[in-house]
Amino acid sequence: MAYEGILLGMGNPLLDISAVVDEQFLNKYDIKLNNAILAEEKHLPMYEELAAKPNVEYIAGGATQNSIKVAQWMLQIPGATGYIGCIGKDKFGEEMKKNSKAAGVNVQYLEDESTPTGTCAVCVVGGERSLIANLSAANCYKSDHLKKPENWALVEKAKYFYIAGFFLTVSPDSIQLVAEHAAAKNKVFAMNLSAPFICEFFKDVQEKALPYVDFVFGNETEARTFSKVHGWETDDVAEIALKLSQWPKASGTHKRITVITQGADPVVVAEDGKVKQFPVILLPKEKLVDTNGAGDAFVGGFLSQLVQEKPIEDCVKAGCYASNVIIQRSGCTYPEKPEFK
């Protein structure tokens, strides 16, 4: 099987500005742990403040890009993955290009002349993280870039697509183009619920994409928010996963499988009207460095096996392995080679 360009991701490339902060910092900027939000006016001074901290780190991130990089790392096949998004023409953008190319991902960024590269503040307290994204250039992605022959060629070549729900806030028409292509060509299309605010405030575009989605990823908080928004009146993650898997589909080639992570609790997988639970690899608290990128890494690990047509349990195992590696390091980073068997 030819793996070149087999997996294509599309999303919001953000440079993570990551630092350990304290409760006072969280209160000052009115942010909560284990949450992901878009920056408002009141958050803007925070980026400078983080950048001035002695322990600050810069890591190329953004949810989809993280997952694609982890899949690439797990596959160890150069150029197996591709990624599309928008960056600025600036030093952060250059940093991002360098970082992604070093990771072996075939990136095709749209470069915006007038808007700076997007950043994400990663505030870490006791290993837990809060993410505040200032999309900037990432918000400027246009489907015209996707339609360019050299970029559409990546879509034609890929057999698997992954897009985090965050991209629904930027270019739903690009998502729709890829989704319809995947359905027409019997390819596999995966998306992530990504954050409670996506399920709440981008409900319509999310619902429009959902019939095309073969794999829905998310965590327990996002699943419960989705349930609440749709009036399902249940907080039971297994029940929500099942209902999501039975949402009507645009194409009958592939069934829909829902995969919900729950931190240290088992991963819930719903398919064919049944729910299975898979235990995660437990980590002693003292080994936890930060949870930033844990969910993205899980998806990356999962996809690395999915594109090799491995059974779902192997995909889940690889997802658990990847997220276990990532939470023992700062940001979504990993050692040179995976030790996944």
How many residues are within 13 Å of Ile312 (Cβ to Cβ) and touching a Phe, Trp or Tyr at 6+ places or on another chain (Cβ under 8 Å) if we restrict to region 269-300? 1
So Asp235 passes all but one of these: (1) part of a loop (DSSP other than H, G, I, E, B); (2) open to solvent by 20 Å² or more (accessible area, probe 1.4 Å); (3) modelled with pLDDT under 95. Which condition number does it fail? (3)
Do any strands (runs of 3 or more DSSP E) lying entirely in region 105-174 carry at least 2 residues that are in contact with a helix residue (DSSP H, G or I) (Cβ under 8 Å, 6 or more places away or on another chain) and open to solvent by less than 10 Å² (accessible area, probe 1.4 Å), and which ones are they? 119-125, 128-134, 160-164
Do you know which residues across region 175-190 are surrounded by fewer than 21 Cβ atoms within 10 Å (Cβ to Cβ), out of contact with any Pro (no Cβ under 9 Å at 6 or more places or on another chain) and of a type outside the set (D, E, K, R)? Gln176, Leu177, His181, Ala184, Asn186, Val188
Subset of region 198-226 that is aromatic (Phe, Trp, Tyr) and open to solvent by 30 Å² or more (accessible area, probe 1.4 Å) - its residue that is nearest to Leu146 (Cα to Cα): Tyr212
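Take the residues in region 17-54 that are in a loop (DSSP other than H, G, I, E, B) and open to solvent by less than 70 Å² (accessible area, probe 1.4 Å), then tell me which one is nearest to Ala294 (Cα to Cα).
So, considering only residues that are in a loop (DSSP other than H, G, I, E, B) and open to solvent by less than 70 Å² (accessible area, probe 1.4 Å), the one nearest to Ala294 (Cα to Cα) is Leu33.
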Cβ-Cβ below 7 Å, separation at least six or inter-chain, first residue in region 296-319 and under 17 Å from Phe278 (Cα atoms), second in a loop (DSSP other than H, G, I, E, B): which pairs? Ala297/Cys332; Ala318/Phe340
Region 37-64 residues that are closer than 16 Å to Phe166 by Cβ, paired with ones that are part of a loop (DSSP other than H, G, I, E, B) and modelled with pLDDT of 95 or more (beta carbon under 6 Å, 6 or more apart): Gly62/Gly11; Gly62/Asn12; Gly62/Pro13; Thr64/Gly11
Looking at Gln65, Gln108, which one is over 30 Å from Leu33 (Cβ atoms) and at pLDDT 95 or above? Gln108
Please indicate, with yes or no, whether at least one residue in region 76-87 is more than 30 Å from Gly126 (Cβ to Cβ), open to solvent by 10 Å² or more (accessible area, probe 1.4 Å) and without any contact (Cβ under 8 Å) to a residue 40 or more places away in the chain. yes
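The values are calculated or read from the model by the stated rules, or taken from the named source; none is laboratory data. Being a predicted model, the structure only gives us computed values, none of them experimental. Cβ atoms come from the backbone with ideal geometry, glycine included; neighbour counts cover every protein chain shown. Keep in mind that these areas ignore ligands, DNA and RNA; they rest on the heavy atoms of the full protein, side chains included. Shrake-Rupley method; radii C 1.70, N 1.55, O 1.52, S 1.80 Å.
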